[in-house]
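Here the structure comes first, spelled out in structure tokens, and everything after it is commentary.
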Amino acid sequence: MARPKKSREIQKTPRCLEFVPGISTCFEKVILNLEELEAIRLHDLLGLEQKKSATQMNISQPTFHRILVSGRKKIADALINAKQIIIS
């Protein structure tokens, strides 16, 4: 049986929930979770260290790292392969 998911603190909700590349024939989508977006915001945009970012999200540093890597991979996939990004 899996452990219950610990609640994560999301301090800033995005103003835009969808990004579409300039290609009108784009049908593939990438789903970016709010927690992945928050991890990227804290670490990459604000420049906070992983430990401090994890504390702000109320999660452990290893969990924060996994979320951050997952979010970055999804964004890279969307940018390289011209996919739509949906934030949910």
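Quick notes on this one:
- When trypsin sites (Lys or Arg not before Pro) are flagged only if DSSP places them in a loop and at most 13 other Cβ atoms lie within 10 Å, the longest unflagged stretch of the chain comes out as 16-88.
- Ile86/Lys6 FRET efficiency (R0 25 Å; Cβ-Cβ; nearest 0.05): 0.55
- Under the Karplus curve 6.51 cos²θ - 1.76 cosθ + 1.60, θ = phi - 60°, whole-Hz ³J(HN,Hα) for the range 7-18, x wherever Gly or Pro sits: 5, 10, 8, 10, 7, 9, 7, x, 7, 10, 9, 8
- Spatially close lysines, pair count over the chain: Cα under 15 Å, gap of eight or more or interchain: 5
- Paramagnetic label zone (point 7 Å from Cα along Cα-to-C-beta, Arg72; backbone N under 16 Å) in the range 1-43: 36-43
- Relative contact order, whole percent, for the chain stands at 47, derived from Cα pairs under 8 Å and 6 or more residues apart.
Here, each number is a calculation from the coordinates, and none is a lab measurement. Just so it is clear, the structure is predicted and the values come from calculations on it, not from any experiment. Reconstructed Cβ throughout: ideal geometry from the backbone, glycine too, with neighbour counts over all protein chains shown.
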